[in-house]
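Heads up, the thing below is written out as structure tokens.
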Amino acid sequence: MSRAKGFISFEGIEGSGKSTHSKLLAGYLRGKGHEVLETAEPGGTRIGIKIRKLLLEPANHMDPLAELLLYYSDRAQHVREVIYPAILRNTIVITDRFTDSTVAYQGYARGIDLSIIHTLNEIVVPDMKPFLTIMLDMDVEAGLARNREARKSDRFEQETIDFHNRVRQGFQQIASEEPERIKVVDASRGIEAVTRDIIKIVEEAWR
Ligand code: TMP
């Protein structure tokens, strides 16, 4: 398994600040002279944007397996069209969500057998894991409230608190299994404190 040093993912529950902190970290690294590509799942490609619409449309009552495979369609396109080529040109890639989201949402929260997800990982992303994963952790209801303020309401935001607590516990479990790669950051604090921690983690990981 190759782990390119410049491949970083952000993970966490709804409203935990992944996109804000991806942008802030990208800006910081560019300021240090690095080439940085910011991307996200689902929807990091033109095709992915269409898949994202299908996945998040509140009116779509989707079978869990159909949902899982759509996330992997999005990912197959994303890694081949965007992530691999950027890593090959030595560009730092920061993705807002990656495979850990699937394990947490479709595995721990929806209840799909984790071995199915691990098999799909071997097929779709056989030779790559993020070098570093920043996991933003905070209370589920506080995160959902942040999103409501931002008027975000998609198919997942309409799930129960229980569902989102299973996602959070899933993320915590994944982090406890891979402490080298995954660093948990308390995202309930203000943006500046969280940013400081993230920069310290990245600098230490690259030392
Ligand atoms: P976003 O709101 O962070 O853009 O993500 C869209 C939703 O997709 C979010 O509710 C989490 C969900 N998701 C999964 O359920 N499985 C996955 O593999 C990914 C990448 C996202």
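The values are calculated or read from the model by the stated rules, or taken from the named source; none is laboratory data. Computed from a prediction, not measured in an experiment: that's the story for all the values here. Glycine gets a Cβ as well: all are built from the backbone with ideal geometry, and neighbour counts include every protein chain shown.
So which pairs qualify, if the first residue must be in the stretch 85-100 and under 13 Å from Ile134 (Cα atoms) and part of a loop (DSSP other than H, G, I, E, B), the second must be more than 16 Å from the ligand (Cβ to nearest atom) and small (Gly, Ala, Ser), the Cβ gap must be under 9 Å, and the two must be at least 6 apart or on different chains?
none
Tell me the residue from Lys18, Lys53, Lys32 that is in contact with a Gly (Cβ under 6 Å, 6 or more places away or on another chain) and either at pLDDT 95 or above or among the hydroxyl-bearing types (Ser, Thr, Tyr) (or both), please. Outline the logic, then answer.
On the way: Lys53 fails: in contact with a Gly (Cβ under 6 Å, 6 or more places away or on another chain); Lys32 fails: in contact with a Gly (Cβ under 6 Å, 6 or more places away or on another chain).
Residue meeting the stated conditions: Lys18.
Name the pairs whose Cβ atoms lie under 9 Å apart, with the first residue in the stretch 187-201 and closer than 18 Å to Gly31 by Cα, the second basic (Lys, Arg), and 6 or more positions between them or separate chains?
Listed pairs, sorted by first residue: Asp197/Lys183; Asp197/Arg189; Ile198/Lys183; Ile201/Lys183.
Out of the residues in the stretch 121-149 that are without any contact (Cβ under 8 Å) to a residue 60 or more places away in the chain and more than 15 Å from the chain's Cα centre (by Cα), which is nearest to Leu88 (Cα to Cα)? Write out each step before concluding.
First, the residues of the stretch 121-149 that are without any contact (Cβ under 8 Å) to a residue 60 or more places away in the chain: 121-126, 139, 141, 148-149.
With more than 15 Å from the chain's Cα centre (by Cα) added as a condition, the list becomes 122-124, 126, 139, 141, 148-149.
Numbers: Glu122: 20, Ile123: 20, Val124: 18, Pro126: 16, Asp139: 37, Glu141: 40, Arg148: 39, Glu149: 39 Å.
Filtering first and then ranking leaves Pro126.
Return a yes/no flag: does the stretch 155-166 have any residue that is out of contact with any Pro (no Cβ under 9 Å at 6 or more places or on another chain), surrounded by fewer than 13 Cβ atoms within 10 Å (Cβ to Cβ) and part of a helix (DSSP H, G or I).
Looking for residues that are out of contact with any Pro (no Cβ under 9 Å at 6 or more places or on another chain), surrounded by fewer than 13 Cβ atoms within 10 Å (Cβ to Cβ) and part of a helix (DSSP H, G or I), one finds at least one in the stretch 155-166, hence yes.
Tell me yes or no: at least one residue of the stretch 102-117 is buried (at least 17 other Cβ atoms within 10 Å of the Cβ), in a helix (DSSP H, G or I), among the polar types (S, T, N, Q) and in contact (Cβ under 8 Å) with a residue 12 or more places away in the chain. Step through it out loud before you land on a result.
Start the filter on the stretch 102-117 by keeping residues that are buried (at least 17 other Cβ atoms within 10 Å of the Cβ), which leaves 102-110, 112, 117.
Going one step further and asking which of them are in a helix (DSSP H, G or I), we end up with 102-109, 117.
From what's left, among the polar types (S, T, N, Q): 102, 106.
Narrowing further to those that are in contact (Cβ under 8 Å) with a residue 12 or more places away in the chain: 102, 106.
Yes, the stretch 102-117 contains at least one residue that is buried (at least 17 other Cβ atoms within 10 Å of the Cβ), in a helix (DSSP H, G or I), among the polar types (S, T, N, Q) and in contact (Cβ under 8 Å) with a residue 12 or more places away in the chain.
Any idea which residue in the stretch 80-100 is farthest from Asn165 (Cα to Cα), counting only those that are crowded, with 24+ Cβ neighbours inside 10 Å and within 12 Å of the ligand (Cβ to nearest atom)?
Among residues in the stretch 80-100 that are crowded, with 24+ Cβ neighbours inside 10 Å and within 12 Å of the ligand (Cβ to nearest atom), the one farthest from Asn165 (Cα to Cα) is Thr95.
Can we say Arg146 is modelled with pLDDT under 95 and under 21 Å from Lys23 (Cβ atoms)? Break it down stepwise before answering.
Details: modelled with pLDDT under 95: yes; under 21 Å from Lys23 (Cβ atoms): yes.
Criteria met by Arg146.
Can you tell me which residue in the stretch 35-62 is surrounded by the most Cβ atoms within 10 Å (Cβ to Cβ), limited to those that are in contact with a Lys or Arg (Cβ under 7 Å, 6 or more places away or on another chain) and assigned to a strand (DSSP E or B)?
Restricting to residues being in contact with a Lys or Arg (Cβ under 7 Å, 6 or more places away or on another chain) and assigned to a strand (DSSP E or B), the top hit is Val36.
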